[in-house]
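Structure, as structure tokens:
The values are calculated or read from the model by the stated rules, or taken from the named source; none is laboratory data. For clarity, every value in this text was computed on a predicted model and none was experimentally measured. In this analysis, Cβ positions are derived from the backbone assuming ideal geometry, glycine residues included, and neighbour counts consider all displayed protein chains.
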Ligand SMILES: Nc1nc2c(ncn2[C@@H]2O[C@H](COP(=O)(O)OP(=O)(O)O)[C@@H](O)[C@H]2O)c(=O)[nH]1
Ligand SMILES: [Mg+2]
Ligand SMILES: [Zn+2]
């Protein structure tokens, strides 16, 4: 279980962003988590509740946007989503490829301040 | 009052990524080929590594190893029997290694004195996925005792690997291990993944594994010349 340390990093980054913005109350923190990133959204949301206690983010809500796998198909020369995470092939021509262009994201996207 | 939306766009593991990039540059400068070994607990990393260190040292190469373990130093003591430099990273319960832990444990080691640095990660198929350790090669283990569908259950980690070791092959028949299904599953989550089949117990597949490491190290050194 490393979602607690991930959640603490999220809190740290969001707190910094809040300070840079001159303070206020954070209502929402949006993160983007790729399906290949090795982070479970539910566990992260749970750990976030623990991680914000006693911080300027207390009371804020974490919104997790799950990022799908995006492959670059060498045959079609374009990006596409595979049929599922366990079959990394082009949905158009079926070419299997390890050229992963999306799905590993682990990012704090934005915060909402009131 | 309507909330203000502030763009942040920062990697959650930015600090780890930055440290890993520094390590990668140090490994590159020292000419040390670094391999991160990941698997579930007990997949056979330490046993294969024990043989690998001994075999590489025998042929005149200069390997070293860092081994991550949540609490004990048993693995480090096992590996130290090969006579090569070995250090334990105690993670105190943390389920994966991070670049900072690797960096801290390199102190007083002269990296230029090594050809290979193996990092045995903590046994975990999820948490190790997103932590770059500055390695040149990530090798994921799949023991024949674990079932052929492990890659489908943990696609993130298997996808992040550069090679797979199918370990404990001496037990394949006893486990009714379906070799073709395992290969199909590995390639479903990571098309083109090189697969090495080994037994740390009998030594089966050792020569192919060692040849693979030598090749990859050579390619690593060659690619460095372009820098
Ligand atoms: N039969 C057999 N047992 C093995 C092999 N490799 C490891 N083991 C055994 O499996 C257990 C876990 O191995 P270890 O190398 O410590 O796994 P690690 O947790 O991945 O480092 C030990 O009891 C080993 O003796 C193998 O190739 N064949
Ligand atoms: Mg071990
Ligand atoms: Zn295609």
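Quick check on segment B:30-50: of everything there that is away from ligand 2 (no atom under 13 Å from the Cβ) and touching a helix residue (DSSP H, G or I) at 6+ places or on another chain (Cβ under 8 Å), which residue is farthest from residue B:112 (Cα to Cα)?
Just the residues of segment B:30-50 that are away from ligand 2 (no atom under 13 Å from the Cβ), to begin with: B:30-36.
From what's left, touching a helix residue (DSSP H, G or I) at 6+ places or on another chain (Cβ under 8 Å): B:30-35.
Details: B:30: 4, B:31: 7, B:32: 7, B:33: 11, B:34: 12, B:35: 16 Å.
Here the answer is B:35.
In segment B:46-63, what residues are away from ligand 1 (no atom under 12 Å from the Cβ) and either in contact (Cβ under 8 Å) with a residue 60 or more places away in the chain or surrounded by fewer than 22 Cβ atoms within 10 Å (Cβ to Cβ) (or both)? Before the answer, list the steps.
Of segment B:46-63, the ones away from ligand 1 (no atom under 12 Å from the Cβ) are B:53-63.
The answer is B:53, B:54, B:55, B:56, B:57, B:58, B:59, B:60, B:61, B:62.
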* Given the conditions (1) loosely packed, with under 15 Cβ neighbours inside 10 Å; (2) within 13 Å of chain B (Cβ to nearest Cβ), which single one is not true for residue A:77? -> (2)
* To do: Name, by its number, the condition in (1) in contact with a helix residue (DSSP H, G or I) (Cβ under 8 Å, 6 or more places away or on another chain); (2) surrounded by 22 or more Cβ atoms within 10 Å (Cβ to Cβ); (3) facing chain A (nearest Cβ under 8 Å) that does not hold for residue B:157.
  => (1)
* To do: Within segment B:87-124, track down each residue that is in contact with a helix residue (DSSP H, G or I) (Cβ under 7 Å, 6 or more places away or on another chain), at pLDDT below 95 and either surrounded by 23 or more Cβ atoms within 10 Å (Cβ to Cβ) or closer than 18 Å to residue B:20 by Cα (or both).
  => B:89, B:91
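Look through B:125, B:142, B:137 and report the one residue that is within 16 Å of ligand 2 (Cβ to nearest atom), touching a strand residue (DSSP E or B) at 6+ places or on another chain (Cβ under 8 Å), closer than 24 Å to residue B:217 by Cα and touching a residue at least 12 places away in the same chain (Cβ under 8 Å).
Details: B:125 fails: closer than 24 Å to residue B:217 by Cα; B:137 fails: within 16 Å of ligand 2 (Cβ to nearest atom).
Every option except B:142 fails the conditions.
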